[in-house]
Amino acid sequence: MASIMNPPPPDAISKHPAVENHVAQRPPALIQDSGAIQWRIIIVCFLVIFFDGFDTTSIGFVVPTLAREWGMPATAFTSAFVATSLGAVVGYMISGPLRWRLGSRCLIFCSVLLFAAGSMLTALAGSLQILAVLRLLTGIGLGAALPAAVALASTQCPARHREVIAVAVTAGIGLGSTFGGLVGGHLIAWHGWQSVFLLGALLPALLLPFVWWFLPAQEAKTGQPAADPASHSDTGIGSLFDGTLALRTTLLWSFSFLVFITVYALYFWLPTLLLSFGFSPSETPKGIAFLGTGGMVGAILLIPLSTRFGIARVLICTSLLVATADLTQQQLLFGIAVRGAGLMAGTVGQIALAVTLYPAAARTTGIGCSAAVGRIGSILGPAVGGLLLALDRPPRDIVLTACIPVLMAVLIIAALDFYQRKQA
């Protein structure tokens, strides 16, 4: 009775052996306030995706100069574009399983190391065949890094903020491509096309120590997200089709596939198309810069609009921007920027949908598979674009043709929005 009336002071409780042992066994990340946002981790993940975006699009604005120096038609480099996307598909597919086996820190570190090394070796490529092989290996690193980085960043905040964090971090793709478009032309003019890939190797290499120091090591030991623990017994692709997730997964994958067809057809072929509009090879990266700048605006607007209206409804509107902007000689770069806003919103939005759609145990696999299906579309898009160029189709017709998949994607996302509201 005395012990009830006079409970021991808090210090005595905290020093009790049983309590000390329990606290000691808890992972460090779980002792922290669950409502705190780990900005240091989120910033590192953003930078990983930023360099991912730079490296992914670098091959696109290098090709006009490379084709001239190697004495080849630009369409001959379709194999390098396809190899980049094919490697990314492989990376996306293996990202989920490897994250649970190795932990996010180890997977992201190895992925960044791989695409940094691949970019450095690409600068030494002397033939089209070697270039394609190196872009394949680089693409694997690029693909494996993105789902793990987005999934890890989204677990560093309360559930109500995950969609916003996923959008903000994934926007690094657009910012990275914009950065490449702004500096790429100067690098090519001053130091040759090799300097673009050397910069694409140096920047992620400098990031590697911060990846190792700042990303949580505990996850690498336990195989569980540090701030979002969950069982990882059902992390296979089959878990994405359990119960009501089956139709949602099918619609999400269809949307990703259709949007990525247009995104990467433009990212890879736009610099070459701009030659027909009177741009010099050193000026063609401006197209990527405007496409990426518009993409950044679209991604930024996606954050407040999705919070107010829901991400699916916003994606319907932003996707329509791709079809409404006409590419005329007078408003060429503005039209590219408007298209970029709609396309990047779709690219970022499908990842944000995956973050909120799947439980923690299947989140990395869900993000990776959705992006992988999208990148299958990114293989088809550049291939069709190369075929149309080989057939001497006018550049304006090629861009307008690329809008058709996005219009189909609008119908898909509208169906997904209807289904989600009906289930709710």
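What the table below lists for this structure:
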{"item": "Estimated FRET transfer efficiency when R0 is 41 angstrom, pair SER280-LEU411 (beta carbons, to 0.05)", "result": "0.55"}
{"item": "Potential extension, ARG308-LEU182 segment - 0.36 nm per residue separation minus Cα distance", "result": "42.1 nm"}
{"item": "The stretch 66-73 - phi-based ³J(HN,Hα) in whole Hz, Karplus 6.51/-1.76/1.60, Gly and Pro as x", "result": "5, 4, 5, 6, 8, x, 10, x"}
{"item": "Full-extension gain in nm, ALA246 to ARG160, via 0.36 nm per residue minus C-alpha separation", "result": "28.6 nm"}
{"item": "The stretch 82-156, relative contact order [Cα under 8 Å, separation at least 6], %", "result": "54 percent"}
{"item": "The stretch 307-400: relative contact order in percent, alpha carbon pairs under 8 Å with at least 6 residues between", "result": "22 percent"}
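Readers should treat all values here as calculations from the given coordinates under stated rules, not as data from a laboratory. All values reported here derive from a predicted model rather than from experimental measurement. All Cβ positions, glycine included, derive from the backbone under ideal geometry; neighbour counts span all protein chains shown.
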